[in-house]
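Each reported figure results from applying straightforward, stated rules to the coordinates on display, with no laboratory input. This structure is a prediction, so every number in the text was calculated from the model and none was measured. Glycine gets a Cβ as well: all are built from the backbone with ideal geometry, and neighbour counts include every protein chain shown.
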Amino acid sequence: MTEAKYLEDAYTTVFSAKVTRVEPYQEAVGIWLDQTYFYPEGGGQPSDKGLICAFEIENVQKQDGDIIHLTSKSNLEAAMACLNQTTECTIDFKRRLTMMQQHTGQHILSACAYNLFESKTVGLHVGDDYVTVDLDQKLSDEALLTLENTANDVVFQNRPIRVHYPDDETLRAMPLRKTPKVTKDIRVIEIEGIDFSPCGGTHFARTSQVGLIKIKKVTPYKSGIRIEFGCGYYALGFMQHRNTIFNHMIQQFSATDDTLPSRVDQTLDALNNAQQHTAELEQELIGVKAQQIFDSAVVVGGVHLCVISDKNLTMKQLQAQAGALTSFASCVILASSEHEGQVQFVLSRSADLTQIDLKAVFGTVLKPLGVRGGGSIQAVQGAVSENVWSDTLISELTQEIIAKL
């Protein structure tokens, strides 16, 4: 059984250990040691990475109380040569430090949420560049700012962090923030003055090493909220990224830090006004074009047959053009447009032509050809490949319609 030395010392990242077992494990190769400082994945915290016998350790897992260090399956033969040998092991220090920042920072943030608002942490996830905690109640913007400031006060106060293995009597006397998940060898992390929490993760000796706790965004989650945040290097990373974006926007809007919000609002207002004006002009143009199409349409039995073919129209524009034409009495419209190897079409009629069932026309002429689409007796729409859509097909459609007049 591997001795879990990371529980005693979270700062050691170079150590010697004896390789006690090597064998294929799932899609990798598992290496077992007599002792390890590698942290195995668990409690929402990703595992350490590093080197054993010069083999890259990509993941570390727990199984049946033991600890398995996973490397590429291509290393099996070479790893077998290390069996029963004492070898040097190296943990990726930057990753370990970063994970400790996130884990300890999460303890601080969750403890402050509980102490300030009696809000319990019901979920935790540590990603590649962010952390989320799920709280069981919603918090206002003002409360969230208080939470962030209070958590950073704890960081900057450089409070000591202690590890306890209490007996039953001592454990009962501790003001635990959450119930332990195990019943023996319970390990409790104390952050002086704010928290006692059962945990098997890696933590700093003092809170200042977290560096900074920065909330990135907050979203609703079930009956509470999900807080996305970062600590230390994570916080630095996304703040640098946002600062790059912010500076770009300042340059683009010829603004300062203070005037950027108003410049953005002004630009959006101007854009919305321009879009509204454009929509009004487009509607007016559609009306003018509809009148021209109606006036030049073929008239059969008093019905105007309007055939429109325009490669530049989207389905939404086809629908708008057909809608404008159906405002005229005794009008049938067949509008189509080529788009990425497909022909989109709209077939509609004015409301007074009740004798024409366009859904039936679709079923008779188009559906047997495998044309996708559908609609109602007054309008159908769909799409078909270019090699199916032809002048002959259009002629068949118009003849079917004329037959119903």
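Any idea what angle helix 93-117 forms with the longest principal axis of the chain, computed on alpha-carbon atoms, 0 to 90 degrees, nearest 10?
Tilt relative to the chain: about 80 degrees.
As I understand it, the value is the acute angle between the Cα axis of helix 391-403 and the longest principal axis of the Cα atoms of the chain; what does it come to in degrees, rounded to 10?
60 degrees
What's the local net charge at Pro160, with K and R +1, D and E -1, over the other residues with C-beta under 9 Å away? Let's see the in-between values first.
Numbers: positive: Arg159, Arg162, Arg206; negative: Glu190, Glu192.
Combined, the nearby Lys, Arg, Asp and Glu give +1.
If you find the alpha carbon centre of the stretch 278-318 and of the stretch 333-383, how far apart are they in angstrom?
16 Å
Using only alpha carbon pairs under 8 Å that are at least six residues apart, calculate the relative contact order of the chain and give it in whole percent. Working shown, then result.
On the way: 703 pairs, mean separation 39.3, N = 405.
Computed over the chain, the figure is 10 percent.
Note down the relative contact order for the stretch 215-351 as a percent, whole number, built from C-alpha pairs under 8 angstrom at least six residues apart. Let's see the in-between values first.
Numbers: 142 pairs, mean separation 18.6, N = 137.
So the answer I get is 14 percent.
Using alpha carbon centroids, what distance separates the stretch 50-86 and the stretch 212-274, in Å?
43 Å
About its Cα centre, what dipole magnitude does the stretch 3-91 give when the only charges are +1 on Lys and Arg Cβ and -1 on Asp and Glu Cβ, stated in debye to the nearest 20?
Dipole magnitude for the stretch 3-91 comes out near 80 debye.
Where does helix 233-252 land angle-wise versus the long Cα axis of the chain, in degrees 0 to 90, nearest 10?
With rounding to tens, the tilt is 40 degrees.
Starting from the Cα coordinates of the chain, work out the convex hull volume and express it per residue in Å³.
Hull volume over Cα atoms, normalised by residue count, gives 249 Å³.
Counting pairs of alpha carbon atoms under 8 Å apart in space and at least six apart in sequence, what relative contact order in percent does the stretch 29-108 give? Kindly include the intermediate steps, with their values, before the conclusion.
Working: 109 pairs, mean separation 25.2, N = 80.
Relative contact order for the stretch 29-108 comes out at 32 percent.
Please name whichever of Gly193, Val155, Phe55 sits farthest to the positive end of the charge dipole of the chain, dipole taken about the Cα centre and charges placed at Cβ: Lys and Arg +1, Asp and Glu -1.
Of the candidates, Gly193 comes out farthest on the positive side.
Too long at a 20 Å Cα-Cα cut-off: which of Lys49/Lys73; Lys49/Lys120; Lys49/Lys94?
Working: Lys49/Lys73 16 Å; Lys49/Lys120 31 Å; Lys49/Lys94 10 Å.
Too far apart for the 20 Å limit: Lys49/Lys120.
Counting Lys +1, Arg +1, Asp -1, Glu -1, what net charge surrounds Gln61 among other residues with beta carbon under 12 Å of its beta carbon? Before the final figure, lay out the partial values.
Details: positive: Lys62; negative: Glu41, Asp48, Glu58, Asp64, Asp66.
With Lys, Arg at +1 and Asp, Glu at -1, the net is -4.
If we count every other residue with Cβ under 9 angstrom of Leu135's Cβ, Lys/Arg +1 and Asp/Glu -1, where does the sum land?
Details: positive: Lys120, Lys138, Arg226; negative: Asp134, Asp136.
Taking every Cβ under 9 Å from that of Leu135, the sum is +1.
So, R0 is 30 Å and r is the distance between the beta-carbons of Phe246 and Ser208; what FRET efficiency does that work out to, to 0.05?
Details: r = 28 Å, r/R0 = 0.92.
E between Phe246 and Ser208, to the nearest 0.05, is 0.65.
Using a simple charge model, +1 on the beta-carbon of Lys and Arg, -1 on the beta-carbon of Asp and Glu, nothing else, what dipole does the stretch 307-405 show about its Cα centre, in debye to the nearest 20?
Values: 7 positive and 9 negative charges, 55 e Å.
Magnitude of the dipole: close to 260 debye.
In the chain, what cysteines have no partner Cβ closer than 4.7 Å?
Isolated Cys, the chain: Cys89, Cys112, Cys199, Cys231, Cys306, Cys331.
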